[in-house]
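Contents: one structure, followed by commentary.
No lab work stands behind these numbers, since they all come straight from the coordinates. Keep in mind the model is a prediction, meaning the values are calculated, not measured. Cβ coordinates were reconstructed from backbone atoms using ideal geometry, including for glycine residues, and neighbour counts include every protein chain displayed.
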Amino acid sequence: MGQDREVAEQLSVLRRGVVDVTPAHELVEKVKKSLDTGVPLRVKLGLDPSSPDIHVGHTVVLEKLRQFQSFGHTVQLVIGDFTGQIGDPTGRSETRRQLTPEQVQENARTYREQIFKILDRDKTEVHFNSTWLGPLHFADVVRLASTLTVARMLERDDFKKRFAEGAPISIHEFFYPLMQGYDSVALRTDVELGGTDQTFNLLMGRTLQKEYGLEPQVAITMPLLEGLDGVQKMSKSLGNYIGVSEPAREIYGKAMSVPDALMPRYLELVSGLSPVCVGEIVEGLASGTCHPRDGKMALAYALTTRFAGKEEADHAQGEFVQVFQKRSLPDDMPDFAVSADKQPLVPLLVAAGLAPSNSEARRLIAGGGVKIDGVGVADQQAELTPQSGMVVQVGKRRFARLMVREGGERSQ
């Protein structure tokens, strides 16, 4: 009876927030077997190191892995140093640019450092799939390719769409899901996790394990987290992301801009708060007893603590209260030395590090995102005569205090 309760406890947590478990009954059987034998489940996540940084959207799956670890199971992180040289075609409308081995290794190094902000190192195995994919002979590759038909491969939405549109599909792209599936064969994986866009690849692991005479893995799909725009999937390329290695001030400030409608989703999927705490906040938001600002502050503090530490989170929250609730200015605002000469505002914003380019500076001005001493600037051609102590603000979190430099020269 005690074991039944433990199985029920694990399944209650492990099923929470998931989109699908395929097949559900096999997860129950695997958890029972693990408790019977004392052997932890092997739970895999494949990582495509095409980008050196991860954002909060990635942590939806990582949080589920951490929950598996909390029950004593072992996480298998597979760094796709071999598959990364092909590139995951999932969701692509064209062939992905192949990475060099050097790019893959550098990205993988940074990726690993960031992932352990969430996962327990002691319960995590890190593998590079070149270990088993690299030594395969051509006969092995032919056998691997023989396990799947072209018709089955074209069931993937991205391949189907490109084929219908007459867009090129390179033969090597077909090998990506085969190689990801073969990772599960090599590691004898029990459970594999991924986003809903990875469903085909996860099921490929089951298919190949059966072909190689192994017990097939269970595939668990997790939801894709919408970004700060509230519409599209969180992505660095779309600029709607919260990076886990960003400064604490940025993490906190960005979390405070999460749309109200997405608050419950962020709290449940990425905050790391207990289900009881999340439930209380969500219930309060729904009933009106919790102000959305207070709910966001709880989310922002939780995320900042998780990725930057409690001390940094305390500082970021204190600064937010000071700047935005009390309408004062941050203590550590950077000074920027300028000449006293009248000068265009656009290049000044770029030189001060408040905008990455002239075009972005003009866009920020047009969107009402630039203020001089608290007064909005709407003219993209505006000129400024700097005075020491003048404060330039871009958006909600970027500030610079102008300091007029004697001699008429501006620092770079």
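Data for the structure
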{"quantity": "Over 31 Å between alpha carbons, listed pairs Lys33/Lys123; Lys33/Lys160; Lys30/Lys310; Lys33/Lys161; Lys161/Lys296; Lys236/Lys396", "calculated": "Lys33/Lys160; Lys30/Lys310; Lys33/Lys161; Lys161/Lys296"}
{"quantity": "With 20 Å bins from 0: P(r) over the chain, alpha-carbon pairs, percent", "calculated": "23, 48, 25, 4, 0"}
{"quantity": "Surface/4 estimate of mean projected area, convex hull on alpha-carbon atoms of segment 1-43, nm²", "calculated": "3.1"}
{"quantity": "Interchain or long-range residues, amide H under 5 Å from Asp335's placed H", "calculated": "Arg401"}
{"quantity": "Long-range amide H partners of Asp81 with built H, under 5 Å", "calculated": "Asn129, Ser130"}
{"quantity": "Added length on full extension, which subtracts the Cα-Cα distance from 0.36 nm per residue, Glu29 to Arg121", "calculated": "30.4 nm"}
{"quantity": "Value of Rg to Rh for segment 335-404 (Rh from inverse mean 1/r over Cα pairs, i.e. Kirkwood)", "calculated": "0.91"}
{"quantity": "Difference of contour (0.36 nm per residue) and Cα-Cα distance, Arg5 to Thr22", "calculated": "3.9 nm"}
{"quantity": "Cut-off under 5 Å, modelled amide H: who pairs with Leu384 long-range", "calculated": "Gln343, Leu345"}
{"quantity": "Segment 167-283: proportion of alpha-carbon pairs further apart than 25 angstrom, %", "calculated": "46"}
{"quantity": "Cα-Cα separations in segment 251-394 greater than 25 Å, expressed as whole percent", "calculated": "43"}
{"quantity": "For segment 248-325, radius of gyration divided by Kirkwood radius, i.e. Rg to Rh on alpha-carbons", "calculated": "0.95"}
{"quantity": "Separation of the Trp132 and Asp335 label points, Cα + 7 Å toward Cβ, nm", "calculated": "6.0"}
{"quantity": "Computed FRET value (nearest 0.05) for Arg15 with Glu113, which takes r as the C-beta separation and R₀ as 25 Å", "calculated": "0.25"}
{"quantity": "Per-residue ³J(HN,Hα) for segment 127-134, Karplus 6.51 cos²θ - 1.76 cosθ + 1.60, θ = phi - 60°, Hz, x for Gly and Pro", "calculated": "10, 10, 6, 5, 4, 10, 7, x"}
{"quantity": "Value of [θ]222 nm, deg cm²/dmol, for the chain, DSSP H segments ≥ 4, -39500 (n - 2.57) each, nearest 500", "calculated": "-13000 deg cm²/dmol"}
